[in-house]
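Below is one structure, written out as structure tokens; comments come after it.
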Protein chains: 2
Amino acid sequence: MDRQQIETVRRFNRTVTQRIGALEDGYLHRGRPLGEARFLFEIGPDGAEVQELRGRLNLDSGYASRLLRSLERQGLVAVGRHVADGRRRRVTLTETGLTEFSAYDGLSDELAASLLSSLGEAHRARLVAAMADVERLLRAAGIMLEIEPSDGADARWCLEQYFAELAARFEEGFDTALGASSDEVLVAPPDGAFLVARLDGAPVGCGMLRRDGEAIGEIKRMWVSPSVRGAGLAGRLLARLEAIAREYGWTHVRLDTNRALLEAQAMYRKAGYHAIARYNANPYADFWFEKAL
Amino acid sequence: MDRQQIETVRRFNRTVTQRIGALEDGYLHRGRPLGEARFLFEIGPDGAEVQELRGRLNLDSGYASRLLRSLERQGLVAVGRHVADGRRRRVTLTETGLTEFSAYDGLSDELAASLLSSLGEAHRARLVAAMADVERLLRAAGIMLEIEPSDGADARWCLEQYFAELAARFEEGFDTALGASSDEVLVAPPDGAFLVARLDGAPVGCGMLRRDGEAIGEIKRMWVSPSVRGAGLAGRLLARLEAIAREYGWTHVRLDTNRALLEAQAMYRKAGYHAIARYNANPYADFWFEKAL
DNA sequence: GAAATTACCTGACTAAAGTCAGGTAATGGA
DNA sequence: TCCATTACCTGACTTTAGTCAGGTAATTTC
């Protein structure tokens with residue numbers, strides 16, 4: 001990695017933690033210890049499960065319990081049973097707790113506004129745009145790809161999203177029975193692989209490779225969640241699937257796509273794919289691409 | 001302020017503190033309490049004065065002293081007298097301390113690299129560029145402008161930088177005796193004002209307004225430190241000086257500039273100034289501008 | 001040259017953050 | 001049905017962070 005890039009990132013880290021940290025110290029306490037304040041804020045107006053909060057804030061179970069007890073004593077939260085599982089507990093904010101939450105919410109707004117306040121309009125817009133970029137790409141950088149069974153819960157969830165999107169975008173609609181033949185449902189090494197992309201544990205994309213001839217692979221089911229689009233995840237999935245095909249010793253990968261998926265076509269071309277003749281009977285395919293590995 | 005902008009800033013704060021914070025926790029401890037680690041890192045290979053460290057890390061003097069003692073016990077730092085002032089103390093890293101510092105330095109690099117590692121080259125470059133933007137503009141947003149005596153230490157320091165830069169940039173060089181007539185040395189309300197721009201207490205720019213006729217002000221000595229250029233500070237200084245002139249009830253402001261200062265000319269035009277005829281005898285002036293308030 | 005100020009130090013605190021071992025009740029798999 | 005696991009709780013800690021009141025020696029101010 002470039003030395004200059006690393007310097008920039010380090011300067012960024014330094015400046016940002018300094019500036020934002022200083023402001024947060026000034027603002028977000030409201031006389032309460034930081035731990036309690038964060039816990040309260042994290043519960044949010046919709047409530048949350050203790051387990052979830054512990055995970056999000058990375059707390060020891062004893063510590064979390066104590067924080068909860070303290071907030072309860074202050075009359076800010078109410079703890080109830082989980083509907084389905086009697087061991088788990090659901091925390092919700094009381095009336096008072098909601099008021100406190102709103103106060104924190106307002107302070108967060110003020111904090112954000114104060115960061116921008118001294119800049120002129122043009123520079124403010126630039127800062128906000130750059131922040132949006134950083135945020136999006138930083139999230140993207142946290143996405144991990146992993147090979148998983150294609151019938152796992154998250155894999156199936158991704159496929160559902162994928163098919164729903166096809167149905168919405170194809171002019172002709174999309175019928176799973178026609179477009180997703182059952183012989184593809186289970187792919188596994190060494191005849192293919194199903195990749196799931198996760199951000200903080202939650203699936204945000206997928207892609208699949210399956211053998212389609214002696215030394216040829218087919219790439220299918222490439223899907224990227226709208227929440228992380230525009231940050232290169234599709235490219236990463238594609239590159240990883242190609243790498244896997246290469247490991248298997250395959251010489252080519254090919255894929256088909258629908259005319260409605262314009263960005264996808266552009267991406268395939270950019271990744272070195274070229275158009276070939278129809279090689280399958282997929283009724284939804286309008287274009288066919290291939291790449292030598 | 002725009003609701004959307006505030007949302008973006010809040011999302012940015014959240015994502016950044018989460019991602020970077022999580023990584024820093026993982027990395028930057030080396031088994032040591034965070035306070036000690038930060039203190040050690042802040043001392044740096046060149047050493048530092050205790051006072052300075054206390055200021056930078058915002059520590060209570062007792063606390064700082066204790067941290068210092070602890071690092072000393074661990075054989076990481078040596079504390080010596082200040083050359084000129086026997087009350088102050090200078091801290092330097094020992095051999096061992098330097099090794100530790102390098103370890104932290106290396107970890108910081110790794111941390112930065114790990115942020116980028118999973119992105120492709122193009123997106124990585126975009127992230128780094130956006131980070132540089134955020135960093136620059138966030139620093140700029142922390143700059144405060146204040147009216148100060150034009151013979152104060154920081155004001156004089158700024159002017160020195162300003163004159164040195166003129167000398168370097170003017171084709172014909174710059175002679176303070178010719179270019180900076182002594183009658184301008186002291187400006188104060190209600191006949192003018194000297195603005196100093198500070199970032200974290202350190203001066204990074206200046207600008208001056210002085211009466212030059214019944215209801216006319218002249219703007220002079222606009223200087224912005226190279227460390228904060230490109231973030232709109234000059235525009236802010238100019239706008240503030242105009243606002244002051246308006247408060248005084250003046251109707252016009254004017255200024256002169258040298259042909260070598262191209263960005264300055266562009267900025268004046270953008271701020272609504274138009275060229276007028278020569279109005280003074282400044283031997284270094286090539287253009288004269290005016291703006292009605 | 002005395003008095004005030006400054007830079008740092010020490011001891012005695014407190015509050016907050018975090019850890020650990022051992023509980024109880026609910027749940028789920030063999 | 002029993003036994004392991006899970007989700008949470010409690011009590012008894014330790015560590016870290018931070019504050020405060022008073023010191024001492026060097027320096028500055030009047």
Crossing angle, helix B:233-247 versus chain B [Cα axis fit, 0-90 degrees, rounded to tens]:
50 degrees
Using alpha carbon positions and the Kirkwood radius, the Rg to Rh ratio of chain A is 1.06
In square angstrom, rounded to the nearest 10, how much accessible surface does A:Asp256 have for a 1.4 Å probe?
30 Å²
Would you calculate, for the protein assembly as shown, the mean residue ellipticity at 222 nm contributed by helices, counting each DSSP H stretch of 4 or more residues as -39,500 (n - 2.57) and dividing by all residues, to the nearest 500?
-16000 deg cm²/dmol
Considering only the other residues whose Cβ falls under 12 Å of the Cβ of B:Thr17, what net charge follows from Lys and Arg at +1 and Asp and Glu at -1?
+2
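With an 8 Å cut-off on Cα pairs and a minimum separation of 6 or more residues, tell me the relative contact order of region A:3-118 in percent.
Value for region A:3-118: 27 percent.
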Could you compute the net charge surrounding B:Glu148? Neighbours are other residues with a C-beta less than 14 Å from the C-beta of B:Glu148; K and R count +1, D and E count -1.
+1
The answer for region B:102-159, accessible area per residue at 1.4 Å probe in Å², is 40 Å²
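Ranked by accessible surface with a 1.4 Å probe, highest first, in what order do A:Ser114, B:Ser61 come?
Reading off the accessible areas and sorting them downward yields B:Ser61, A:Ser114.
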Can you compute the charge dipole magnitude of chain B about its Cα centre, using +1 on each Lys and Arg Cβ and -1 on each Asp and Glu Cβ, nothing else charged? Give it in debye, rounded to the nearest 20.
860 debye
Calculate one ³J(HN,Hα) per residue across region A:46-54 by plugging θ = phi - 60° into the Karplus curve 6.51 cos²θ - 1.76 cosθ + 1.60, and present them in order as whole Hz with x for glycine and proline.
8, x, 6, 8, 4, 3, 4, 4, 4
Total formal charge among the other residues, if their Cβ is under 13 angstrom from that of B:Gly47, Lys/Arg +1 and Asp/Glu -1
0
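Determine the total buried accessible area between chain A and chain B, counting protein heavy atoms only with a 1.4 Å probe; round to the nearest 100 Å².
On the way: alone 16940 and 16940 Å², together 28670 Å².
By this definition, chains A and B bury close to 5200 Å².
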If you rotate chain A onto chain B, whose Cβ in A ends up lying nearest the axis, and how many Å away is it?
A:Ala130, 2
Given unit charges at Cβ for Lys, Arg (+) and Asp, Glu (-), the dipole magnitude of the protein assembly as shown about its Cα centre in debye, nearest 20, is 800 debye
Let me understand region A:143-292 better: what is its radius of gyration from the alpha carbons, and its Dmax, in angstrom?
14.2, 40
Inter-copy separations for B:Ala153, label at 7 Å along Cα-Cβ, nm, ascending
6.4
Heavy atoms of B:Arg56: accessible area, 1.4 Å probe, square angstrom to 10:
110 Å²
Order by accessible surface, 1.4 Å probe, largest leading, for residues A:Leu233, A:Leu57 comes to A:Leu57, A:Leu233
With an 8 Å Cα cut-off and a minimum separation of 6 or more residues, compute the relative contact order for chain A in percent.
11 percent
Is the shape of region A:77-203 rounded, prolate or oblate, going by the alpha carbon gyration tensor and its root eigenvalues a ≥ b ≥ c, with a/c under 1.5 for rounded and a/b larger than b/c for prolate?
oblate
If you count only protein heavy atoms and use a 1.4 Å probe, how large is the accessible surface of B:Tyr248, to the nearest 10 Å²?
60 Å²
Give me the mean projected area, in nm² to one decimal, of the convex hull enclosing the Cα positions of region B:134-173.
4.2 nm²
Calculated on alpha-carbon atoms, Rg and Dmax of the protein assembly as shown in Å
30.6, 92
Using Stokes-Einstein with the Kirkwood hydrodynamic radius over Cα pairs, what translational diffusion coefficient do you get for region A:226-293 at 37 °C and a viscosity of 0.692 mPa s, in µm²/s rounded to a whole number?
256 µm²/s
Can you bin every Cα-Cα distance in region A:3-118 into 5 Å intervals starting at zero and give me the percent of pairs per bin, rounded to whole numbers?
2, 10, 18, 18, 16, 12, 9, 7, 4, 2, 1
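The values are calculated or read from the model by the stated rules, or taken from the named source; none is laboratory data. Because the structure is a prediction, the values reported are computed rather than measured. No Cβ is skipped: glycine too gets one built from the backbone with ideal geometry, and neighbour counts run over all protein chains shown. Just so you know, the surface numbers come from the protein's heavy atoms only, side chains and all, with ligands and any DNA or RNA stripped out. Shrake-Rupley method; radii C 1.70, N 1.55, O 1.52, S 1.80 Å.
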